[in-house]
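The values are calculated or read from the model by the stated rules, or taken from the named source; none is laboratory data. The model shown is predicted, which means the values in this text are computed figures rather than measured ones. All Cβ positions, even for glycine, are placed from backbone atoms using ideal geometry, and neighbour counts span all protein chains on display. Each accessible area value is taken on the protein alone, full model and side chains, heavy atoms only, with ligands, DNA and RNA left out. Shrake-Rupley method; radii C 1.70, N 1.55, O 1.52, S 1.80 Å.
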Amino acid sequence: MTFEAAQNPSGDTKSLYGGTSARNRRVTVHDIAAAKRRGEKWPMLTAYDAMTASVFDEAGIPVMLVGDSMGNVHLGYETTVPVTLDEMTILSAAVVRGTKRALVVGDLPFGSYQEGPVQALRSATRLVKDAGVGAVKLEGGERSLPQTELLVQAGIPVMSHLGLTPQSVNTLGYRVQGRGDEAAHRLLHDAKSAQAAGAFAVVLELVPAEVAAEITRSLEIPTIGIGAGPDTDAQVLVYTDMVGLTGGKVPRFTKQYANLRQTLGDAAKAFADEVAGGTFPQEEHTFH
Ligand SMILES: Nc1nc(=O)c2c([nH]1)NC[C@@H]1CN(c3ccc(C(=O)N[C@@H](CCC(=O)O)C(=O)O)cc3)CN21
Ligand SMILES: CC(C)C(=O)C(=O)O
Ligand SMILES: [Mg+2]
């Protein structure tokens with residue numbers, strides 16, 4: 001039996017998203033590699049709790065990222081910088097419990113891997129053992145090479161994150177990265193470094209579409225774009241942006257597919273009005 005067949009005893013070659021029947025096991029990094037070979041495009045969404053994760057799992061989203069963006073959208077921080085490994089572990093465990101089929105990827109938060117490979121391994125091990133994630137993500141190409149190599153050697157799949165790396169907001173700001181020949185070349189170099197270190201996928205955030213397209217063509221592992229144009233292998237969005245739940249300004253690369261902020265607010269007002277007016281609860285909600 002080939003290595004691939006051993007990883008894939010059901011002989012499963014259906015697409016990562018939109019297969020004819022629901023997958024009966026979790027997506028693996030091998031399924032993701034196979035999707036790139038087939039030239040398939042696929043979606044990834046962030047998730048931060050079991051309930052939302054179960055909705056996306058049932059919708060067939062094959063890969064879910066417990067992003068440190070939960071610091072902004074769920075915990076009310078200004079940036080992702082204050083997010084702790086404890087916070088990531090609790091929410092990642094919830095997302096794992098809420099899913100049956102998705103590969104769950106946990107973001108390593110700022111300060112949990114920058115000290116070096118040993119710290120990175122300790123942090124990633126926590127997410128794998130205590131939360132049950134199938135992979136971790138860390139920011140940086142060349143600069144995170146030793147971390148990526150050690151994690152992969154230890155058996156932990158690593159997703160790399162390049163371009164705008166929000167944990168570096170204090171040096172980079174929230175600006176498009178990889179503009180100009182030199183910066184584009186550095187980005188391609190970082191992506192190749194991540195691949196050589198054993199990363200199974202690379203997130204490209206806020207980079208010119210042409211640069212993302214070239215990186216996508218140059219790599220054997222899939223690229224996952226966010227504000228990186230239409231030619232990456234996959235696309236990811238912060239789910240609260242995608243459903244119109246995030247308040248205030250959202251990045252221009254986001255598309256809003258629903259307006260849950262309006263829906264939730266309307267429901268809260270309807271409930272409040274009925275309580276104030278004495279029309280809720282009624283007989284069917286009442287016990288005697
Ligand atoms: N709700 C939310 N959505 C995200 O996509 C997201 C987070 N939070 N938190 C973590 C990071 C931070 N991200 C950001 C934050 C700001 C911009 C931003 O202001 N972008 C400008 C473009 C800047 C330029 O033109 O150079 C924009 O107008 O979209 C982009 C990505 C992406 N991530
Ligand atoms: C935007 C994605 C890639 C992310 O890192 C996050 O949600 O934290
Ligand atoms: Mg993140």
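Structure notes:
- Rounded to the nearest 20 debye, dipole of the stretch 49-196 from Cβ charges on Lys, Arg, Asp, Glu: 260
- Between R97 and V169, the simple spin-label model (points 7 angstrom out along Cα→Cβ) gives 2.9 nm.
- By accessible area with a 1.4 Å probe, ligands and nucleic acids excluded, highest first: order of F56, F110: F110, F56
- Each Lys and Arg Cβ is given +1 and each Asp and Glu Cβ -1; about its Cα centre, the stretch 97-141 then shows a dipole of about 340 debye.
- Estimated dipole of the chain in Debye, rounded to 20 [Cβ of Lys and Arg +1, of Asp and Glu -1, Cα centre]: 580
- Helix 29-38 axis, angle to the chain major axis (alpha carbon atoms, nearest 10°): 70
- Whole-percent carbon and sulfur share, accessible surface of the chain, 1.4 Å: 56
- Ranked by how many other beta carbons lie within 10 Å on average, peptides 249-259, 146-156, 75-85, 127-137 from highest: 127-137, 146-156, 75-85, 249-259
- Pairs from K36/K100; K137/K269; K14/K249; K129/K269; K36/K255; K36/K249 whose Cα-Cα separation, in the structure shown, is over 31 Å: K137/K269; K14/K249; K129/K269; K36/K249
- Per-pair calculated FRET efficiency, R0 = 35 Å: A268 and E40 via Cβ, rounded to 0.05: 0.30
- Farthest toward positive dipole pole in the stretch 87-178 [+1 Lys/Arg, -1 Asp/Glu at C-beta], among Q114, A124, T148: A124
- Residues listed by number, the stretch 95-114, amide nitrogen under 13 Å from L75 label point at 7 Å toward C-beta: 107-112
- Projected label distance in nm at E115 and F253, using a 7 Å step from Cα toward the beta-carbon: 3.1
- Förster-model FRET efficiency, 51 Å R0, K14 and A276, C-beta, rounded to 0.05: 0.45
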